[in-house]
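J.: Sharing a structure here in structure tokens format.
Just so it is clear, none of the values below were taken in a lab; they were calculated from the coordinates. Since we're looking at a predicted model, the values are computed, not measured. Ideal geometry is used to build each Cβ from the backbone, glycine not excepted, and the neighbour counts take in all protein chains shown.
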Amino acid sequence: MNDQYDKTSLQPDNWSRRRFFTRLSAVVGIAAAVQLLGGEAISTALAYSPQPDSASSDGKLFRQQQMQILRDICAQVIPQTATPGAAEVDTHGFIDNQLFHCYGTTEQQQVKSILAKIERISSQRYGQAFQAVDQAQQLVLLEELEKPADGFSQQDRENFKFLKGQIVFGYYTSEVGASEELVYLAMPGGFKGSIPYKSIGKAWGSMRSYY
Amino acid sequence: MNDELYIKESSEIFDAIVVGSGVAGGWAAKEFCEKGFKTLMIERGRVVEHREDYPGEGVPPWHQTYRSRVENLLLERDYKVQQQCYAFSDATKHFFGNDREMPYSTAEGTEFSWIRANQLGGKSLLWHRQSYRLSEHDFRANSLDGHGTDWPIGYKDLAPWYSHVEKHAGICGTPENLPQLPDSEFLPPFEMSAP
């Protein structure tokens, strides 16, 4: 089962499938396209695909400047290591898409509000936009956001907690996060009480972790 | 999904007819068949074939439209009630009833979350693999809380049947000896982790 989702499936073939589906559904409607193509093809064609440059234009919910702040926060929360981090797999673009389609105005406003607050504190403290200050200063600011410090309120911390939840969810449900940073197996099979950690070297990702 | 019926019309005579193919109906049919009764099962929902009618099976999250979540518009239109169920997700939503196609009303001042799964297998397709026994507190809950009538049977009537079913299904757990959560017939424990 796992083999059918090898990385090559996200390459050009899939792009043409997405384009094909988009056109087909424009012509016959989504419900009819679903009947013609079957569920799996549709879900793959519609699933959010990481873009290389979501921070360079407006998203569905966020303006371009907010997308840039979001990208930098993603990079701070899950940085690049031997595997790509949250910003590299376009978690910011995913969050914009996911909040737009799957959340209400309250949650959307939570994220908009914390992005605005981070922007304001950055200007006050460093005299520059968050995305313009260096990474060490960004990290200091986000760490202060986590503790009762000047400028940030309890509501800010709650908003940031929600945003971090979205970043973690977005990253660990992405193909890189789930199958490279973690180990992914669609059907894990039996239980083994003891496995030397070094024989795997990373944690397992499973569907249930995402709820 | 498969709209075919297994039997269109038949003049066969059956010894037993089981109405509904969910967990309870499935068990009833199994018992009848094993005892040699010629058994007919009736199900109003559609046929679900293993593997081919499980579009959410084995699909990794990054291939799901919203990574296991379901979008607002679809929830609002088709699953206003069904979305309350813990088992509702992108990978299971097709096994829930469509609230738009099957509307219902409740008396003013009352509410009822009617989670529906009309299909071969019923809600067993949505079962998340936890199996607890009801206790005497549950069977007597109505009179204990001062509402209505108790069940006509008590825990001790059902206990041997719980055992009968559990030995076939295979239930994991540890004996806790709690009156509010009677112990099941448990499988041997999993192996321990090395210290």
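J.: Quick one: if you stick a label point 7 Å off each Cα along the C-beta vector at B:Lys167 and B:Asn72, how many nm between them?
T.: 5.5
J.: Given a Förster distance of 25 Å, report the FRET efficiency between A:Ser153 and A:Ala129 from their Cβ-Cβ distance, rounded to the nearest 0.05. Don't jump to the answer; show the numbers that get you there.
T.: On the way: r = 21 Å, r/R0 = 0.85.
My answer for the efficiency is 0.70.
J.: For the pair A:Val140 and B:Leu5, how long in nm is the line joining their label points, each one 7 Å along Cα→Cβ?
T.: 7.6
J.: Another question about this same structure. Can you give the extra length, in nm with one decimal, that the chain gains between B:Trp127 and B:Lys80 once fully stretched, where that is 0.36 nm per residue apart less the Cα-Cα distance? Display every interim value, and only then the final one.
T.: Details: separation 47, 0.36 × 47 = 16.92 nm, distance 2.02 nm.
Extra length from B:Trp127 to B:Lys80 when fully extended: 14.9 nm.
J.: With N denoting the number of residues in the stretch A:126-211, provide Rg(C-alpha) divided by 2.2 N^0.38 Å, to two decimal places.
T.: Values: Rg = 18.3 Å, N = 86, 2.2 N^0.38 = 12.0 Å.
Output field value: 1.53.
J.: For chain B, modelled as a GNM with alpha-carbon contacts under 10 angstrom, which of B:Gln84, B:Gln130, B:Gln64 fluctuates the most?
T.: B:Gln130
J.: Using the crude model of +1 on Lys and Arg Cβ and -1 on Asp and Glu Cβ, and no other charge, please compute the dipole size for the protein assembly as shown relative to its Cα centre, in debye to 20. Write down the numbers at each step before the final one.
T.: Values: 40 positive and 52 negative charges, 117 e Å.
Dipole about the Cα centre, nearest 20: 560 debye.
J.: Tell me what chain B gives for mean residue ellipticity at 222 nm when only DSSP H runs of n ≥ 4 count, each as -39,500 (n - 2.57), the sum divided by the residue total, rounded to 500 deg cm²/dmol.
T.: Details: 5 runs with 43 residues, N = 195.
Helix-only estimate at 222 nm: -6000 deg cm²/dmol.
J.: With unit charges on the beta carbon (Lys/Arg positive, Asp/Glu negative), name the residue among B:Val165, B:Val18, A:Leu145 whose Cα is farthest towards the positive pole of the charge dipole of the protein assembly as shown.
T.: A:Leu145
J.: Take the alpha-carbon centre of the stretch A:144-188, take the same for the stretch B:8-63, and report the distance between them in whole Å.
T.: So the separation of the two Cα centres works out to 42 Å.
J.: Moving on to the next point. Would you please state the base-10 log of I(q)/I(0) at q = 0.22, 0.29 1/Å for the stretch B:24-66, with intensities from the Debye formula using one equal scatterer on every alpha carbon?
T.: For the requested q values the scattering log ratios are -0.83, -1.01.
J.: Which pairs, out of B:Lys8/B:Lys38; B:Lys35/B:Lys167; A:Lys117/A:Lys147, put more than 20 Å between their alpha-carbon atoms?
T.: On the way: B:Lys8/B:Lys38 18 Å; B:Lys35/B:Lys167 18 Å; A:Lys117/A:Lys147 15 Å.
Going by Cα-Cα distance, every pair falls inside the 20 Å limit.
J.: Here's something else I'd like to know. In bins 5 Å wide, starting from 0, what share of all Cα pairs of the stretch B:143-195 does each bin hold, as a percent?
T.: All Cα pairs considered, the percentages come to 4, 16, 17, 19, 15, 11, 8, 3, 2, 2, 1.
J.: What is the Rg over Rh value, at two decimals, for the stretch B:106-149, using alpha-carbon atoms and the Kirkwood definition of Rh?
T.: Numbers: Rg = 15.1 Å, Rh = 13.8 Å.
Rg/Rh for the stretch B:106-149 comes to 1.09.
J.: On average, how many beta carbons from a partner chain sit within 10 Å of the beta carbon of a residue in B:65-75? Mind showing how you got there, number by number?
T.: Values: counts 10, 10, 12, 7, 8, 2, 6, 5, 2, 2, 1.
Per-residue shielding by partner chains comes out at 6.
J.: In Å, what is the Rg of the alpha-carbon atoms in the stretch B:88-195, and how long is Dmax?
T.: Taking only Cα atoms of the stretch B:88-195, I get Rg and Dmax of 18.6, 59 Å.
J.: Across the stretch A:42-164, how large is the tail of the calculated P(r) beyond 18 Å, expressed as a percent of all Cα pairs?
T.: Working: 3898 of 7503 pairs.
Distances greater than 18 Å cover 52 percent of the Cα pairs.
J.: A further question follows. Filter the chymotrypsin sites (Phe, Trp or Tyr not before Pro) in the stretch B:135-195 to those in DSSP coil with at most 11 other Cβ atoms within 10 Å of their Cβ, and list the result. Don't skip to the end; give the middle numbers.
T.: Numbers: sites: B:Phe139, B:Tyr155, B:Trp161, B:Tyr162, B:Phe186, B:Phe190; in loops: B:Phe190.
Answer in residue order: B:Phe190.
J.: Any idea what % of Cα-Cα pairs in the stretch A:46-85 are farther than 12 Å?
T.: It works out to 64 percent of all Cα pairs.
J.: Straight-line reach from A:Lys192: which aspartates and glutamates have Cα under 19 Å away, leaving out those fewer than 8 places along the same chain?
T.: Cross-link targets: B:Glu191.
J.: Same structure again: Percent antiparallel among DSSP beta bridges with both residues in the protein assembly as shown, to the nearest 5? Kindly include the intermediate steps, with their values, before the conclusion.
T.: Numbers: 3 of 11 bridges.
Counting only bridges with both partners in the protein assembly as shown, antiparallel ones make up about 25 percent.
J.: Oh, and also: Quick check on the exposure proxy: order A:Met67, B:Met102, A:Met187 from fewest to most C-beta atoms within 10 angstrom. Write down the numbers at each step before the final one.
T.: Details: A:Met67 24, B:Met102 11, A:Met187 8.
Least crowded to most crowded, the residues run A:Met187, B:Met102, A:Met67.
J.: Specify whether the C-alpha gyration tensor of chain B places it in the rounded, prolate or oblate class, a ≥ b ≥ c being the square roots of the eigenvalues: rounded for a/c under 1.5, otherwise prolate if a/b is larger than b/c and oblate if not.
T.: rounded
J.: Also, quick follow-up: From zero up to wherever the largest Cα-Cα distance of the protein assembly as shown sits, split into 10 Å bins and tell me the percent of pairs in each.
T.: Per 10 Å bin, starting at zero, the Cα-Cα P(r) for the protein assembly as shown comes out as 4, 15, 23, 23, 19, 11, 3, 1, 0 percent.
J.: Within straight cross-link reach of A:Lys60, meaning Cα distance under 18 Å, which lysines are found once same-chain residues fewer than 8 apart are removed?
T.: Within the straight-line limit of under 18 Å, A:Lys60 reaches these lysines: A:Lys112.
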